[in-house]
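What follows is a set of notes on a single structure, which appears directly below.
The values are calculated or read from the model by the stated rules, or taken from the named source; none is laboratory data. Predicted, not measured: the structure shown is a model, and the values here were computed from it. Every residue, glycine among them, receives a Cβ derived from its backbone with ideal geometry; neighbour counts consider all protein chains shown. Just the protein is used for accessible areas: all its heavy atoms, side chains included, with ligands, DNA and RNA removed. Shrake-Rupley method; radii C 1.70, N 1.55, O 1.52, S 1.80 Å.
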Amino acid sequence: MVPGSRIRNPLSIVGAWITTVSAFAFIAFYIAESLNLLASPYSGLFGFVAIPVVFLFGLVLIPIGVMRETRRRKQGRPAWEWPAIDLGRSRTRRVFLAVGVLTIVNLAIVAVAGLGAVHYMETDQFCGQVCHVPMKPQFTAHLEVPHARVGCVKCHVGPGASGMVKAKLNGTRQLYSLVTGTYTRPIPSSPARNIPVAADTCLQCHSPVYPERDVTKVTHEYANDEANTDTETTLVHFTGKNHWHTRPGRVVEFVATDEKKGTIPYIKVTEADGKVTEYFAEDVTAAPAGERRHMDCLDCHSRPSHRFIASPQQAADQAIGNGLVSRSLPFVRREMVAALKTEYPNESAAAEGIRQRLVGFYKPADAAKTAEVEQAIAATTHLYRANVFPEMKLTWGTYLSQIGHSDADGCFRCHDDGHKSRDGKVVKQDCEYCHKEPKAQ
């Protein structure tokens, strides 16, 4: 037991106060967390990291204060006594009041600043613009997709303390790469890399199986001729069948032999009744070594919030199909593709090069034609700025989505008629299993 007189020293008393206050703060935080009153993913940074650190700091101060007081006694110095504060004197009361008020003000400033810092770290601006050069492509792409209103932390930070700590460790590594300039160009990308599982992110908003419905999609592809001839394709997609892999009770696992999960030689399907079926690619007889991944949304929807158009041709088709560029401009599709395919040293040079090419080709003579050309220039420049970033060595096709099979292998990584089970079952490549052309009216 530590003698009471030796624990009565300024350092130990301060440590005891810090420990007591932080303990009550942690209890209050834990109750709020249990009642789901704290929606921020970064609230764990305060409750499960900051408060325990302060608590331990207070605990450490107590024995340090005892040791210091013990040393004082051995040196023959008198025991520490509380200072005498005579509140009967008006000057003492003014000083005491001033110190109390300033302490409250300082605590309020620190609390507001701390909350502000935590809130700022939740913003998309912090995630995408603090690291301006390396994250500019991802930030720009995020603004172009339906998930633009979903904050970065909703998908990139998992729930609870473990998710927060993992995100902070990953962020620390990225910060070091930014400061030292050692980040790779472009930023490496593979499906679900450093992303929480879909059950903690995607499925908080989406229900992939329900309701089952057919979705009709119409795509346009334009020719490079003078009339920009339109080829229209209409397909009905069976979303229920497309999400067969995610039905309740069914577990699909696979092993990929490359980082981007483009080559999948082994698949294992476990049904709700416990029945297991294993599928092997050609010339594969056993599950290969490597990570066995539980298939979820991100293995197909590999770029849900940071989509880049795969080619200049697709970019031009989308712009014309969406009415951003007039089809009445002869050869506009051909000229847009040529302008987008050209390599430029930077964004400014690209904007100037696109303008020179289109103005030089059309040489508009009247106001109406000038307006259409300017519209084409604006659309083409925007497409370049949203998909090509020379400073990050990112160009058309750098980041491909595994959804479907038009850009990357996607579905065909497994649905290739080559994956077979030992009892002869085949993962088929039947187009009309997932989509078909609508019946003629």
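Tabulated data
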| quantity | calculated |
| --- | --- |
| Size-normalised alpha-carbon gyration radius of the range 125-260, reference 2.2 N^0.38 Å | 1.38 |
| Lys241 accessible area, 1.4 Å probe, all protein chains in place, Å² to nearest 10 | 90 |
| Summed residue charge, Cβ within 9 Å of Asn228's Cβ, Lys/Arg positive, Asp/Glu negative | 0 |
| Solvent-accessible area of Trp80 with every protein chain in place, 1.4 Å probe, in Å² to the nearest 10 | 60 |
| Solvent accessible area, Å² - Lys425, 1.4 Å probe, full protein context | 80 |
| Heavy-atom surface of the range 202-272, accessible at 1.4 Å and reported per residue (Å²) | 59 |
| Dipole moment magnitude, nearest 20 debye, the chain about Cα centre, only Lys, Arg, Asp, Glu C-beta charged | 3000 |
| Cross-link reach list, lysines versus Lys268, counting only Cα pairs under 20 Å and skipping chain neighbours closer than eight places | Lys241, Lys260, Lys420, Lys425, Lys428 |
| Accessible surface of the range 93-185 [probe 1.4 Å, protein heavy atoms]: carbon and sulfur percent | 72 |
| Helical segments meeting 27 Å axial Cα length and Kyte-Doolittle 1.0 threshold in the chain (DSSP H) | 10-34, 90-122 |
| Relative packing of 279-290, 53-64, which averages over residues the other C-beta atoms within 10 Å, highest first | 53-64, 279-290 |
| Ordering of 168-180, 313-325 by packing [mean C-beta count within 10 Å, highest first] | 313-325, 168-180 |
| Cα-projected label distance for Asp423 with Lys241, points at 7 Å along beta-carbon direction, nm | 2.3 |
